[in-house]
Every structure is written in C-alpha cells, then in structure tokens.
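Okay, so here's the structure we're looking at.
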Amino acid sequence: MAVLANSELKEQVEELDGWEVRGGALEKSFDRGDFDGSIAFVNTIAKAANEADHHPDISVSWDTVTLRWVNHAEGGITEKDIAMARKSDELA
C-alpha cells in the first residue's frame with residue numbers, strides 16, 4: 001500500500017476528529033477516565049488491530065491512551081492508517 005502524498009494526507013487528516021500528523025505518524029490521545037478505562041481501550045484497539053493485521057504504537061499514561069498509526073513497512077502514512085484512525089474513533 002502506497003504512502004499518501006502530502007496533499008492527499010492533508011485532506012484525509014482534515015476529515016478526522018482530533019488526529020494530527022506528528023513525527024510522520026497519525027497521532028491522537030484519548031482520555032479514558034482512569035487506568036482501567038485506558039487498559040480496556042487498549043485491549044479493544046488490540047483486537048481491532050489484530051483483525052486488520054495492522055498495529056499502532058500505543059502509549060498509556062494512567063487515564064490517557066495515545067495511538068500512533070503509521071505503516072512502518074511502507075515508511076509513512078497509508079490509507080490503512082487513515083482507516084484505523086477512523087476505527088479507533090469508533091471504538092472510543
């Protein structure tokens with residue numbers, strides 16, 4: 001899957017709620033209320049990621065989960081990352 005061109009990436013990110021391009025990846029933080037909420041969300045994301053065979057970088061800080069979607073094999077953000085960002089929002 002090809003890395004999105006900058007113009008296409010900009011258009012796609014503008015359609016996402018709260019996602020930003022940082023360090024070459026799509027990134028968003030989710031407030032889950034407490035540590036248990038964060039871990040439950042991570043487990044939900046992990047299930048979806050395994051089903052899609054595409055996995056994010058995940059950071060947990062007590063009540064906050066930060067997801068970073070990037071296609072490491074392709075060297076940038078692809079349509080699959082955009083789709084998984086949308087899926088992440090649905091699961092939140």
Legend entry - In order through region 52-65: 3J(HN,Hα) via Karplus (6.51 cos²θ - 1.76 cosθ + 1.60), integer Hz, x for Gly, Pro: 8, 6, 8, 10, x, 7, 10, 10, 10, 9, 6, 9, 10, 10
Inset, instruction - On a 0 to 90° scale, report how tilted helix 79-91 is relative to the longest principal axis of the chain, with both axes built from alpha carbons and the result rounded to the nearest 10. - result: 30
Inset, instruction - Counting other beta carbons within 10 Å of each Cβ, put Thr78, Thr64, Thr44 in order, fewest first. - result: Thr44, Thr64, Thr78
Inset, instruction - Please get the size of the charge dipole for region 6-91, origin at its Cα centre, with Cβ charges of +1 on Lys and Arg and -1 on Asp and Glu, quoted in debye to the nearest 20. - result: 200
Inset, instruction - Arrange Met84, Met1 by Cβ neighbour counts within 10 Å, fewest through most, would you? - result: Met1, Met84
Inset, instruction - Mind listing the long-range amide H neighbours of Arg32? Cut-off is under 5 Å, sequence gap 5 or more, other chains count too, H placed in the peptide plane at 1.01 Å from N. - result: Thr64, Val65
Legend entry - Fraction of the pair-distance distribution of region 1-55 above 20 Å, Cα-Cα pairs, percent: 42
Legend entry - Compactness of the chain, expressed as Rg and Dmax over alpha-carbon positions, Å: 12.7, 39
Legend entry - Exposure proxy ranking, count of Cβ atoms within 10 Å, fewest first, for Val42, Val13: Val13, Val42
Legend entry - the chain: most fluctuating residue of Ala49, Ala25, Ala40 per GNM, C-alpha cutoff 10 Å: Ala40
Legend entry - Extension reserve of the Glu51-Asp31 stretch, reckoned as 0.36 nm per residue once the Cα distance is removed: 4.8 nm
Inset, instruction - Note the full-extension length gain between Glu14 and Glu74 as 0.36 nm times their separation in residues minus their Cα-Cα distance, in nm to one decimal. - result: 19.4 nm
Inset, instruction - Compare Leu67, Leu16, Leu26 in a GNM of the chain, Cα atoms joined below 10 Å, and give the one with the largest fluctuation. - result: Leu16
Inset, instruction - Pull out the extension gain between Thr64 and Arg86, defined as 0.36 nm times the separation in residues minus the alpha carbon to alpha carbon distance; nm, one decimal. - result: 6.1 nm
Legend entry - GNM flexibility winner over the chain from Glu11, Glu27, Glu79 (Cα, springs under 10 Å): Glu11
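The numbers here are math on the coordinates, done by the rules we state, and not lab data. Nothing here was measured: the structure is a model prediction, and the numbers come from that model. Note that each Cβ is placed from the backbone with ideal geometry, even for glycine, and that neighbours are counted across all protein chains shown.
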